[in-house]
Amino acid sequence: MVLELRSIQKCFGGVQALRSGDLRVAAGEVHLLLGENGAGKSTLMKIVAGMQSAESGEIFWKGQPVRFRNPAEAQRAGIGMVHQESLLAPHLSVAENIYLGREPRRGLGWVDRARAVRDAARLIEEHRFPLRAEQLVGSLSPAGRQMVEICRAVAQGASLLIFDEPTSSLSDAESQEVFRIVRGLRDRGASVIYITHRMEELRQLGGRVTVLRDGETVFTGAMAEVSTPELSRHMVGRSVETIYRREPLAPGREMLRVEKLCRRGVLHDVSLTLRAGEIVGLAGLIGAGRTELCRCLFGVDRADAGSVHVEGRAVRIRSPRDAVRAGLALIPEDRQKDGLAAGLPVRDNVLMAAMQQVSRLGFLDSARVRALVGPGGDQRAGQLSGGNQQKVVIRKWVLSGAKVVLFDEPARGIDVGAKVDVFAAMDKMARDGAAVLMVSSELTELMQVADRILVMRHGRIAAELPRGATQEEIMRHAALESLP
């Protein structure tokens, strides 16, 4: 075995993140690491990569006991980590990011930029990465930035690469490119630990799989010998027959009406209505305008034309403040960047849009704060798992009393158990009288959760489909240049 972990334990502020983390990775294998948000996957891998220290347990690297005190020690040993959130410098080139901190030098200690570009170009060509060495990282897509992260790890000479949710924000085509690179690394003899929530990725990549639940290793076995329902059961501790099956309500009064909304280049005469008690799905290919519509409705971007009515009243939304006052809420696609103040405690994040409920004459009512936030309010939001971060964002808008809630990819990057919780929260909002618009690239989620589905194509609403529409029907309207 190239890596072996035995009974790894780790606490954060009295919370047991890892109780008994065990893992064995062979040379030249892709080993899948699964578990719900908060199961301890990332914590375990950060310990391997020297970013955090274990409180007890043993780590063996190529048969020898080790204890990495920092990432540099792990890198020198041959361990690299490709993070879910980019750690790159966007104002530097691809080559400069690949060799950042390890720049080739020439006489008098000057950085040899020409050599860095040559070495980066050779590495890119060797692995067939879709990159250019001189390109600025800030101009790259999320997939491109992931490639640069992989290049950095490969350039460090890593014989074990850890991938932490590398495809959580990528399209299917971009994900396939990541899979090709992972398989190529395996074929060259490198070992890969691959963390994912996407069950459909498992059969394409891994030979063996380990499942963590509540900080403990609960299963390790060959992918060929375990079914997907069995893996889900190991992850959540119960049988999961379907993601979520919502019982629809009879729609109530009109909560939102949008007429001929336009934004130059991205939205063209978009009209729709949302009613109390319903969840309306919004489908479409990447670039169809779904996120842009949510941003315009919430005032992040300004529309050039069109009208918006909330509960029958015309509103002018020029900023998110206007949207909140009108009764709208947005759970954004990138929760860490746009939905949370990661450096602030959970308490402050939850109360951000509802301060009037917990203050009197400008002073906080501590008892009211505790009652609304509950336990765990002092923990920093950035320390939470992805699923729990999403729950904090949702809780914030529940307390605000929003009547129209826009969910942009609400289940992206979270596990099956957290998805159930998020969809249940959406359902409760609807049953409490709100109207919900749900953007999702996962058609099965829309089909199980939404009461009806709007399909966008090229910045327009191309179709409205009833509950029970098939994936083929949705994709036909999303992809065709013209409708029959």
So for the stretch 369-376 (the condition being surrounded by 22 or more Cβ atoms within 10 Å (Cβ to Cβ) and either part of a helix (DSSP H, G or I) or under 23 Å from the mean Cα position of the chain (by Cα) (or both)), does at least one residue qualify? no
Just to be sure before I move on: is residue 95 surrounded by fewer than 21 Cβ atoms within 10 Å (Cβ to Cβ) and either in contact with a Cys (Cβ under 8 Å, 6 or more places away or on another chain) or in a helix (DSSP H, G or I) (or both) in the structure I sent? no
Hey, can you tell me all the residues within the stretch 380-402 that are surrounded by 18 or more Cβ atoms within 10 Å (Cβ to Cβ) and part of a loop (DSSP other than H, G, I, E, B)? 384, 385, 402
Mind listing just one residue for me: the one in the stretch 90-115 that is over 24 Å from residue 182 (Cα atoms) and of a type in the set (Gly, Ala, Ser) and, of those, farthest from the chain's Cα centre (by Cα)? 107
Complete set of residues in the stretch 436-452 that are surrounded by fewer than 20 Cβ atoms within 10 Å (Cβ to Cβ) and among the hydroxyl-bearing types (Ser, Thr, Tyr): 441, 444
One residue from 121, 133, 89, 74 being in a helix (DSSP H, G or I) and farther than 22 Å from residue 28 by Cα: 121
Scan 288, 342, 323, 303 and give me the residue that is among the small types (Gly, Ala, Ser) and not in a loop (DSSP other than H, G, I, E, B). 323
Do we find a residue being within 18 Å of the chain's Cα centre (by Cα), surrounded by 16 or more Cβ atoms within 10 Å (Cβ to Cβ) and without any contact (Cβ under 8 Å) to a residue 24 or more places away in the chain anywhere in the stretch 143-158? yes
Has the stretch 18-35 got at least one residue that is touching a Leu at 6+ places or on another chain (Cβ under 9 Å) and at pLDDT below 90? yes
Test residue 217 against the criterion of being in a strand (DSSP E or B) and surrounded by 23 or more Cβ atoms within 10 Å (Cβ to Cβ), and give yes or no. yes
Verdict on residue 412 being surrounded by fewer than 23 Cβ atoms within 10 Å (Cβ to Cβ) and within 13 Å of the chain's Cα centre (by Cα): yes
Within the stretch 38-49, is there a residue that is in contact with a strand residue (DSSP E or B) (Cβ under 8 Å, 6 or more places away or on another chain), in the same structural domain as residue 218 (by TED's automatic domain parsing), basic (Lys, Arg) and not in a helix (DSSP H, G or I)? no
Residue selected from the stretch 176-206 under the condition part of a loop (DSSP other than H, G, I, E, B) and modelled with pLDDT under 85, by the criterion farthest from residue 413 (Cα to Cα): 206
Of the numbered conditions (1) surrounded by fewer than 21 Cβ atoms within 10 Å (Cβ to Cβ); (2) in contact with a His (Cβ under 8 Å, 6 or more places away or on another chain); (3) in contact (Cβ under 8 Å) with a residue 60 or more places away in the chain, residue 463 fails exactly one; give the number of that condition. (3)
Against the condition closer than 19 Å to residue 83 by Cα and surrounded by 15 or more Cβ atoms within 10 Å (Cβ to Cβ), how does residue 211 come out, does it pass? no
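Condition check ((1) within 25 Å of residue 326 (Cβ to Cβ); (2) at pLDDT below 80) across all residues:
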| site | (1), (2) |
| --- | --- |
| 360 | no, yes |
| 364 | no, yes |
| 372 | yes, yes |
| 375 | no, yes |
| 380 | no, no |
| 392 | yes, no |
| 400 | yes, no |
| 408 | yes, no |
Checking residue 431 against (1) surrounded by fewer than 21 Cβ atoms within 10 Å (Cβ to Cβ); (2) within 30 Å of residue 164 (Cα to Cα), which test does it fail? (2)
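The values are calculated or read from the model by the stated rules, or taken from the named source; none is laboratory data. Keep in mind that what you see is a predicted model, and the values were worked out from it rather than measured. In this analysis, Cβ positions are derived from the backbone assuming ideal geometry, glycine residues included, and neighbour counts consider all displayed protein chains.
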